[in-house]
Amino acid sequence: MNKAELKTLFAKYNDGTATEEERALLEAWYLQYNEKEPYQLNGKSIDAAKNEIFRRLPGNQGQFFKIGIRLAAAAILIGILFTVTMLFFVNRNPGKTPQLANDLPPGTNKAILTLANGRQLNLSDATNGQVYQQQGVKIVKAQSGQVIFDYSGTETTAEQNTITTPNGGQWKIKLPDGSQVWLNAASSLTFPTSFTHGINRIVKLSGEGYFEVAKDATHPFIVISGDQRVEVLGTHFNISSYADDPSVKTTLLEGRVKVSLLGNATPMFLKPGEQSVAKGNQLEVKSVDTEEALAWRNGYFQFDDEPVNSIMRKLSRWYNVDVKYEGNISDEGLNGRVSRNKNISQVIKALEATQTVHFRLEGRRITVMK
């Protein structure tokens, strides 16, 4: 494989046309910029690395890597392979492989629906078809697992329902107005049985949710998460508002949204590809990679220069594990992508290969070590 072929391979990877084998090859390389003595790759060393990677990798595993700012910028332009140090996916220090007393599977579709009268329905145990009839609202679990709320009543007031996902759970909901919401693990959404009783369509979110809001120019859709308020007429966006995260992030995929905070009189308007970050009563807007924000909904973790403690919060929610730290853990940002359908041992292996952290898994507690 020569340099031109590698450039073509990265182009295919970036536009999503690479095969699984090609993705496995590229994602298995850990790229670390050597600014003092750049290592010039040649065809022979590239082929040797490729053969070693495919000899050792049992399929398309997830990979993580440390990457310098200049290399990250170059990667966007695809001209990236000629001043990097190549590291293999396999951690070659046998004394620091994951110490697993057991292994844990990934999360699944599971949630609890709490009705206004306090009754709780376990949605994952419910059979397909009608689940419950409530004040003119038919609650149906579709064959796909989605829960649909069909309002046909004439009541003058709307009651509040809440769907809650536990650690290790996720769920998809279709609201009475036709809007769809995907809930990530350890999240909840409170919403009325009908949106026809007021000017606004108001829901409350805790945790993380991806929204595809049905268009209705006369009834704005409002999501309240803590002190943040997001107002739209019909659009696609993601909100991450976990209580143990340092900020609330709202990422817009299409359309337009207005983000405001209690105590901050100046709202922000987002355009597609932008993200608002709310911390305290401060609100800022930046351009982001929307693929990272939507990774969880699309079935994988994606980390862009993300510190270990932030990564572990996400793993804790999805695999339902407690996290403990021993020693001084590096705050260096890691980059990479791995499927959320893999057991936790495979994610640990990918993280350990960065030489940044190591792990010990005992029951449902994972210890992070330097």
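The values are calculated or read from the model by the stated rules, or taken from the named source; none is laboratory data. This is a predicted model, so every value here is computed, not measured. Here the Cβ positions follow ideal geometry from the backbone for every residue, glycine too, while neighbour counts run over all protein chains shown. Side chains are part of the model used for accessible areas, which takes the heavy atoms of the whole protein and leaves out ligands, DNA and RNA. Shrake-Rupley method; radii C 1.70, N 1.55, O 1.52, S 1.80 Å.
In order along segment 205-215, the phi-based Karplus estimate (6.51 cos²θ - 1.76 cosθ + 1.60, θ = phi - 60°) of 3J(HN,Hα) comes to 10, 10, x, 10, x, 10, 10, 10, 8, 5, 6 Hz; Gly and Pro are listed as x. Close amide-amide hydrogen proximity is noted between SER124 and ALA111, each under 5 Å apart and 5 or more residues distant or on a separate chain (H modeled in the peptide plane; Pro and chain starts excluded).
Rounded to the nearest 20 debye, what is the charge dipole size of segment 241-290 about its Cα centre when +1 sits on each Lys and Arg Cβ and -1 on each Asp and Glu Cβ? Intermediate results must be reported in sequence, preceding the final value.
Numbers: 6 positive and 6 negative charges, 43 e Å.
Charge dipole, segment 241-290, about its Cα centre: 200 debye, nearest 20.
Residues whose amide H falls under 5 Å from that of ALA214, counting only those 5 or more places apart or on a different chain, are SER179, GLN180, with hydrogens built in the peptide plane.
Using the Stokes-Einstein relation with a Kirkwood hydrodynamic radius computed over Cα pairs, the translational diffusion coefficient of segment 216-357 at 20 °C and a viscosity of 1.002 mPa s comes to 129 µm²/s.
Could you size up the charge dipole of segment 313-370 around its Cα centre, putting +1 on the beta carbon of Lys and Arg and -1 on that of Asp and Glu, and report it in debye to the nearest 20?
Values: 12 positive and 6 negative charges, 67 e Å.
Dipole size: approximately 320 debye.
Accessible surface calculations at 1.4 Å, restricted to protein heavy atoms, place segment 245-358 at 45 Å² per residue.
Annotation: amide H of VAL131 within the under-5 Å range of ILE139, VAL140, LYS141, sequence separation 5 or more or interchain, hydrogens built in the peptide plane.
How large, in percent, is the carbon and sulfur part of the accessible surface of segment 157-236 at a probe radius of 1.4 Å?
Roughly 50 percent of what the probe reaches on segment 157-236 is carbon or sulfur.
Share of segment 241-283's accessible area from carbon and sulfur, percent, 1.4 Å? Present the calculation step by step, with values, prior to reporting the outcome.
Numbers: 1190 of 2280 Å².
On segment 241-283, the fraction of accessible area on carbon and sulfur atoms equals 52 percent.
Could you tally the net charge around ASP216, taking each other residue with its Cβ under 10 Å from the Cβ of ASP216, Lys/Arg +1 and Asp/Glu -1? So the environment of ASP216 carries a net charge of +1.
What net charge is computed for the residues neighbouring GLU326, neighbours being all others with C-beta under 11 Å from the C-beta of GLU326, Lys and Arg scored +1, Asp and Glu -1? Working shown, then result.
Numbers: positive: LYS324, ARG360, LYS370; negative: none.
Counting the neighbours of GLU326, the net charge comes to +3.
Taking Lys and Arg as +1 and Asp and Glu as -1, the other residues whose beta-carbon sits under 10 Å from that of PHE195 total -1. Note that segment 278-290 has calculated 3J(HN,Hα) couplings of 9, 9, x, 9, 9, 9, 10, 10, 9, 7, 9, 7, 5 Hz, one per residue in order, obtained from phi through the Karplus relation 6.51 cos²θ - 1.76 cosθ + 1.60 (θ = phi - 60°); glycine and proline are x.
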